[in-house]
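Participant: If you scroll down you'll find the structure; I have some questions about it.
The values are calculated or read from the model by the stated rules, or taken from the named source; none is laboratory data. Keep in mind that this is a model prediction, so the values were computed, not measured. Using ideal geometry, Cβ is built from the backbone for each residue, glycine included, and neighbour counts are taken over all protein chains shown. Protein only, heavy atoms only, side chains kept; ligands, DNA and RNA dropped before computing areas. Shrake-Rupley method; radii C 1.70, N 1.55, O 1.52, S 1.80 Å.
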Amino acid sequence: MASFSALGLSEWLLEQCRQMGINKPTPVQQNCIPAILEGRDCMGCAKTGSGKTAAFVLPILQKLAEEPYGIFCLVLTPTRELAYQIAEQFRVIGKPLGLKDCIVVGGMDMVEQALELSRKPHVVIATPGRLADHIKSSSTFSLKKIKFLVLDEADRLLEQGCTDFTKDLEVILGAIPAKRQTLLFSATLTDTLQDLKTVAMNKPFFWESQSEVRTVAELDQRYILVPEKVKDAYLVHLIQTFQDQHSDWSVIIFTNTCKYCQVLNMMLREFNFPSVALHSMMKQKQRFAALAKFKSSIFKILIATDVAARGLDIPTVQVVINHNTPGLPKIYIHRVGRTARAGRNGIAITLVTQYDIHLVHAIEEQINAKLKEYEVEENKVLKILTQVNVTRRECEIKLESTDFDEKKEINKRKQMILEGKDPDLEEKRKAELEKIKKKNRKFKSMIQETLQQKRKMQMKKKATEER
Ligand code: AMP
């Protein structure tokens, strides 16, 4: 394998790598760094935890050192936590340059961010929504001279889903120069390749790790078939076993809703497990605090929604548990990628109910590997079943007595207002739509019934004619 110096990086950057303890480039770095230094647009698709961040941070800092000014580079990423993580790598590697960075994410003070932006930081690391807000509302900074645009977790940024970034991206792309270098990175680029190619304009250098299996070899991938109603007893049993056997292991548990995330956290706390929750209904300060507690290994269990599925780099995580089977293989790949990072070992266990088996097949097809069954001592699970179910129900009742659902509703309405929609009008529209759908369903079944009768009559007629 080549060394960092063979990639064309300057001596000061080699020294920074040495100081960080990274001595040999990973394949994504080895392939993408020279192309970026040559001035090419670049799309890098490499497995989770394979050093994608340094693959763009190193060459960007080299170019910045040759021509230092602000704002030189803009990095966009889908979650706030990832923005902080990327900023940290820029800070550590860019220390000798006296690098000034600015993090622009939702949930944090906007005035302070505006001030920082006006001071011309070298690098801006942002989530699209908040940056678009700044662009629309402020004229005290300009992105017109940026040399680099990086889309980290690029496929997520361009994907249309519950958090749709497309409008914000349009605003941002309108505020940056057409002549720039565009760098796109993710572990799952291939699905959205065409969309991505329209963002990276100058015949991008495309690099994808050549491996049939899309997850890393160090990851042990398992499943447990569980009846829906006893899932949590299995979860408690698994955590207890890991804790008994490996006192220093950290675990991330992924769930599909904020509410379940909260309930599970309360439940595990009742069982005296050191757990913290991370989901989008928490205030940003609480989100950072939870992550800091987990990273410092004081709290060994993080229960999270998919807000933590991508990019988070926490080397101490040995276990990922999917409390629900992810509906999309792509989400599975990112979730399990929170462990077995940078050559370490890890295990991912997915709880699968009878309704999820087709999802497991879809996952296996995508990753090109089979999940193996994880052996569980069922009698131990049965012993705690009642206690776990009662405790969970108690936690649910406790949560219902707070205004969790109400808060969720308020958050939804706030989001609509931010998107320029009238929440009451939207509600009416939704109700109308539902009515129309219901009517349509009725019409459809009436038409079907009529058609059926018609067919019967035709058959009868034919039969009498034949007689
Ligand atoms: P990333 O995929 O960028 O989140 O990086 C995953 C982890 O790999 C981080 O903890 C990096 O510090 C580490 N890393 C990055 N490059 C290298 C390298 N060349 N050798 C060993 N570890 C690395």
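Participant: Asn324: net charge of surrounding residues, Cβ under 9 Å, Lys/Arg +1, Asp/Glu -1, itself excluded?
Facilitator: 0
Participant: Where does the longest stretch of the chain lie that holds no GluC sites (Glu not before Pro) found in a DSSP loop with 13 or fewer other Cβ atoms within 10 Å?
Facilitator: Segment 39-211 is the longest.
Participant: Skip the ligands, DNA and RNA, and give the accessible area per residue of the chain with a 1.4 Å probe, whole Å².
Facilitator: With the other protein chains kept in place, the chain gives 52 Å² per residue.
Participant: Moving to a separate point now. Students often forget the sequence filter, so: which lysines lie under 16 Å Cα-Cα from Lys370 once same-chain residues fewer than 8 apart are removed?
Facilitator: The qualifying lysines are Lys330.
Participant: Same structure, new question: Taking Lys437 as the anchor, which lysines have their alpha carbon closer than 20 Å to its alpha carbon, excluding any fewer than eight residues away along the same chain?
Facilitator: By straight Cα distance, Lys437 reaches Lys428.
Participant: About its Cα centre, how strong a charge dipole does segment 8-208 have in debye, to the nearest 20, once Lys and Arg get +1 and Asp and Glu get -1 at the Cβ?
Facilitator: With Lys and Arg at +1 and Asp and Glu at -1, about 520 debye.
Participant: How about Lys430: which lysines have a C-alpha closer than 16 Å to its C-alpha, ignoring those fewer than 8 places off in the same chain?
Facilitator: Lys412, Lys421, Lys438, Lys439
Participant: Where does helix 166-175 land angle-wise versus the long Cα axis of the chain, in degrees 0 to 90, nearest 10?
Facilitator: Roughly 20 degrees, rounded to the nearest 10.
Participant: Same structure, new question: Calculate for the chain the 222 nm mean residue ellipticity that helices alone would give, adding -39,500 (n - 2.57) per DSSP H run of length 4 or more and normalising by residue count, nearest 500 deg cm²/dmol.
Facilitator: Only helices count here, giving -16000 deg cm²/dmol.
Participant: By how many degrees, between 0 and 90 and to the nearest 10, does the Cα long axis of helix 423-466 differ from the longest principal axis of the chain?
Facilitator: Its long axis makes an angle of about 50 degrees.
Participant: For Lys454, what is the net charge nearby, where nearby means another residue's Cβ is under 14 Å from its Cβ and Lys, Arg count +1, Asp, Glu -1?
Facilitator: Neighbourhood net charge equals +4.
Participant: So, one more: Over all directions, what mean area does the Cα convex hull of the chain project, stated in square nanometres?
Facilitator: Taking a quarter of the hull surface, the average projection is 29.8 nm².
Participant: Cα-Cα over 31 Å: which of Lys300/Lys372; Lys95/Lys145; Lys52/Lys95; Lys120/Lys259?
Facilitator: Pairs exceeding the cut-off: Lys120/Lys259.
Participant: Within segment 349-383, which trypsin sites (Lys or Arg not before Pro) sit in a loop by DSSP and count at most 13 neighbouring Cβ atoms inside 10 Å?
Facilitator: Lys370
Participant: Using only Cα atoms, what is the ratio of the radius of gyration of segment 219-387 to 2.2 N^0.38 Å?
Facilitator: 0.96
Participant: Return one number: the angle in degrees, 0 to 90 and rounded to the nearest 10, between the long axis of the Cα atoms of helix 128-137 and the longest principal axis of the Cα atoms of the chain.
Facilitator: Result, in degrees: 70.
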